[in-house]
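**Student:** Quick one: this structure, given as structure tokens, is what I'll be asking you about.
The values are calculated or read from the model by the stated rules, or taken from the named source; none is laboratory data. Nothing here was measured: the structure is a model prediction, and the numbers come from that model. Reconstructed Cβ throughout: ideal geometry from the backbone, glycine too, with neighbour counts over all protein chains shown. Ligands, DNA and RNA are stripped out before the accessible areas are found, and what is left, the full protein with its side chains, is counted by its heavy atoms. Shrake-Rupley method; radii C 1.70, N 1.55, O 1.52, S 1.80 Å.
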Amino acid sequence: TPAVGWALWGVLVVSLALFGGGVATRFSGLVFLLAYAQSAWINAISDRGIDRMIRIVVLLLVFSRCGEAFSFDAWRRTGRWRGDFAPIPSWPRYLIILQLLIMYWFAGVAKFAVDWFPWGDYAALYVILQDPVFTSVDFGFLGHPALFWTTQVGTGVSHLWEWTFPLILLAYHFRDTRNRPGRLRAIFNRYDVRLGYVLIGIIFHVLLSATLRLGIFPWAMLAFYPVFFHPDEIHATWRRLRRRAGPSAPAPSTPASPALS
């Protein structure tokens with residue numbers, strides 16, 4: 001009934017707000033997950049790939065200790081919103097990385113229409129941008145020869161990016177074994193291939209949000225991207241930014257190896 005539908009929506013909103021704030025993190029995440037799955041069951045046609053991706057990630061976070069930092073639970077336990085930064089198991093982060101890798105690679109493999117390949121003139125992106133159902137504005141002007149090539153570049157780069165996304169695993173392996181010899185290992189570590197894939201992904205999703213009406217998809221995907229970086233890397237980057245902000249900026253007091261959040 002409509003009343004039950006509104007009640008389910010209310011449970012979704014409240015549980016998601018509690019989960020985001022880290023209030024009874026694991027329990028509120030589980031409630032959100034079950035309510036989300038129930039809403040998909042009621043109206044399966046509205047349940048998209050990004051909805052399933054969100055549920056997979058939340059499921060992994062429910063079984064993690066993500067509430068140990070930057071949460072109400074951390075404040076209640078330690079007296080500080082940031083928690084005590086005690087080390088926690090990192091396997092949820094690795095599984096989320098693996099899930100993203102699988103998703104992107106299968107997305108590339110699934111694009112087998114001729115428009116995605118050179119013999120189809122790399123016209124896939126142009127064709128997509130002519131669909132009034134999904135586009136935010138009229139992109140008919142891209143048919144001009146002086147502009148059509150930009151859609152070809154976008155098609156080729158995005159398709160190659162998805163097809164080769166598993167190389168991120170190789171990049172992680174080379175980073176963990178940086179002291180071993182090897183020309184390929186040295187190249188991967190010198191240029192941080194992983195960072196290149198992340199930057200392309202950011203550009204890809206931002207452009208998607210600007211050109212196509214895809215709802216939460218681009219922003220939900222970008223919300224997963226911090227997992228590509230070790231917490232120590234994030235902390236070191238933050239310290240560098242604080243130092244560049246000027247001598248008046250107070251030094252961060254957080255130790256290395258912050259908890260996954």
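**Student:** Can you tell me the order of 108-114, 31-37, 47-53 when each peptide is scored by its average per-residue count of other Cβ atoms within 10 angstrom, highest first?
**Tutor:** Details: 108-114: 12.1, 31-37: 19.1, 47-53: 15.4.
Highest to lowest by the protection proxy: 31-37, 47-53, 108-114.
**Student:** Suppose all protein chains stay in the model; what accessible area per residue would a 1.4 Å probe give for the chain, in Å²?
**Tutor:** Values: 15520 Å² over 261 residues.
With all protein chains present, the chain gives 59 Å² per residue.
**Student:** To the nearest 20 debye, what is the magnitude of the charge dipole of the chain about its Cα centre, counting +1 on the Cβ of each Lys and Arg and -1 on the Cβ of each Asp and Glu? Write down the numbers at each step before the final one.
**Tutor:** Working: 24 positive and 14 negative charges, 257 e Å.
I would put it at about 1240 debye.
**Student:** Give me the distance in nm between label points sitting 7 Å out from Cα along the Cα-to-Cβ direction at ASP121 and TRP238, one decimal.
**Tutor:** About 5.1 nm separates the two model spin labels.
**Student:** Out of the total accessible area of the chain (probe 1.4 Å, heavy atoms of protein only), what percent is carbon and sulfur?
**Tutor:** 71 percent
**Student:** Here's something else I'd like to know. Sort 238-245, 216-223, 1-8 by packing, meaning the average of other beta carbons within 10 Å per residue, with the highest value first. Walk me through the intermediate numbers first.
**Tutor:** On the way: 238-245: 11.4, 216-223: 16.1, 1-8: 9.6.
Ranked from most to least packed, the peptides come out as 216-223, 238-245, 1-8.
**Student:** As a test of the formula, what do you get for the chain when each DSSP H run with n ≥ 4 contributes -39,500 (n - 2.57) and the sum is divided by the residue count, at 222 nm and rounded to the nearest 500 deg cm²/dmol?
**Tutor:** -20000 deg cm²/dmol
**Student:** Can you give me the P(r) profile for the stretch 61-104? Cα pairs, bins 10 angstrom wide beginning at 0, each as a whole percent.
**Tutor:** Reading the bins upward from 0: 29, 39, 23, 8, 0.
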